[in-house]
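The next block holds one structure in the form of structure tokens; read it before the comments.
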Amino acid sequence: MIYEIRKTRKQAPRPLDVSSLSEQGWREKDLEDYLFKHLPDLLSADLMVIGQSKPGEKADLVALDRDGELWLFELKKIGGQSENLLQVMRYSQIFGAFEIGDLDALYRDSLVRATKSIAVAFCEWFGYDRNRAIEWGEKLGKRHHLVVVTDGTDDASLNAVAHWQRHGLDVQAWPYRIYKGSAHSFQLDLPELVSQGKRISRKPAPVFFVNTSRKDSGAPSDMEIFMLKHECAITTGGEQWIDKIFSIPAGARVMLYANRVGVIATGVATPARWIDNPKEFEGDKAHNLKLREFRQLKQPLSVQEVFRIAETTYRVSSVYELHGEAGNWVWDAATRQP
């Protein structure tokens, strides 16, 4: 429940008006389709959605985390019932017999434009070396996390979840609530998602600049050329600068920033970080952060435009986090660039 609290501190808390999917004109399938597309946005980039329900015995949503463990989501538009747990447990039993070829078929069937194997796509999403695809292919989907998604009004489901958890089953209830919004939107409240000490949900993804160390002449540095070629972000130099790459969490939005030019590329941070060949960059050691969804801008977002959009000026050295709404504004402007 979300409450409105008046700053005068005198009035009693007022609960926001609760709604439902039906009242908002959505079906259960509409919520499923939305989560299929936006689950990483609602939780974090720690999940890669690989499947959606089809006729037959399939979980509504199937995802992998960075450890290759499978997350099975069963959605219910109205308050769930304890029988839903038996349903998602049955799905886990079915997926327990899956080999990598079965997961690959599910992935290619659900993402019709998928051109890569699930093992290769997994490595790229989480930033692992593609050469490890065969190794990961043997590990994917061997451990399961079961999640029943309901509107949170059914005590029977919560009691059933508590019972099975006490007996060691990795199953969670993930209750959501719908609140009335405007004629064009509604509000969705989701709690944290934690399973046996593994936290998937994160706060909204932060936004960072990573300086590409352009030369005084304005020409791209060797480091900038390497970043664009290998779709990564790099920090070099002494301890003061080189370790700053570790302040960027997986899922963060990263913009490559060239001095006197502006934003030249965007990407999303993966868990993968490593030390590259120090000879690459004039003898300095380099820490490398692999980026996914990498895109080089055809037309940079200029320094002047960045300052105008952010309503402030920045002095970008090495790694710089953009706090508050300014980061979202600059990111949105950069990702709209051709």
**Q.** Residue check for L103: at pLDDT 90 or above, assigned to a helix (DSSP H, G or I), of a type outside the set (D, E, K, R) and open to solvent by less than 10 Å² (accessible area, probe 1.4 Å)
**A.** yes
Q. Of all residues in the stretch 316-333, how many are of a type in the set (A, V, I, L, M, F, W, C) and part of a helix (DSSP H, G or I)?
A. 5
**Q.** Residue match in the stretch 265-276 (condition: part of a helix (DSSP H, G or I) and open to solvent by less than 60 Å² (accessible area, probe 1.4 Å))
**A.** no
Q. Taking the stretch 289-302, which residues are open to solvent by 20 Å² or more (accessible area, probe 1.4 Å), over 22 Å from A45 (Cβ atoms) and in contact with a strand residue (DSSP E or B) (Cβ under 6 Å, 6 or more places away or on another chain)?
A. P300, S302
Q.
Pull out all pairs, ordered by first then second residue, where Cβ-Cβ is under 7 Å, the residues are six or more apart or on different chains, the first lies in the stretch 103-115 and is more than 13 Å from F36 (Cα to Cα), and the second is in a helix (DSSP H, G or I) and not hydroxyl-bearing (S, T, Y).
A. L103/I118; D104/I118; A114/R108; A114/A121
Q) So which residues in the stretch 205-220 are touching a residue at least 12 places away in the same chain (Cβ under 8 Å) and either closer than 18 Å to I248 by Cβ or of a type in the set (S, T, N, Q) (or both)? A) A205, P206, V207, F208, F209, V210, N211, T212, S213
Q. Only one of (1) closer than 20 Å to A114 by Cβ; (2) open to solvent by 30 Å² or more (accessible area, probe 1.4 Å); (3) of a type outside the set (V, I, T); (4) in a helix (DSSP H, G or I) is not met by N159, so which one is it?
A. (1)
Q) So V306 clears everything in (1) surrounded by 16 or more Cβ atoms within 10 Å (Cβ to Cβ); (2) under 28 Å from D67 (Cα atoms) except one condition, right? Which one? A) (2)
**Q.** Long-range neighbours under 6 Å by Cβ, at least six apart or interchain, first residue farther than 21 Å from C232 by Cβ within the stretch 296-311, second part of a strand (DSSP E or B)
**A.** S302/G262; V303/G262; V306/G262
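The values are calculated or read from the model by the stated rules, or taken from the named source; none is laboratory data. The shown structure was predicted, so the numbers you read here are calculated from the model rather than taken from an experiment. Neighbour counts run over all protein chains shown; Cβ positions are idealised from the backbone, glycine included. Remember, those area values only see protein heavy atoms, side chains included, never the ligands or the DNA or RNA. Shrake-Rupley method; radii C 1.70, N 1.55, O 1.52, S 1.80 Å.
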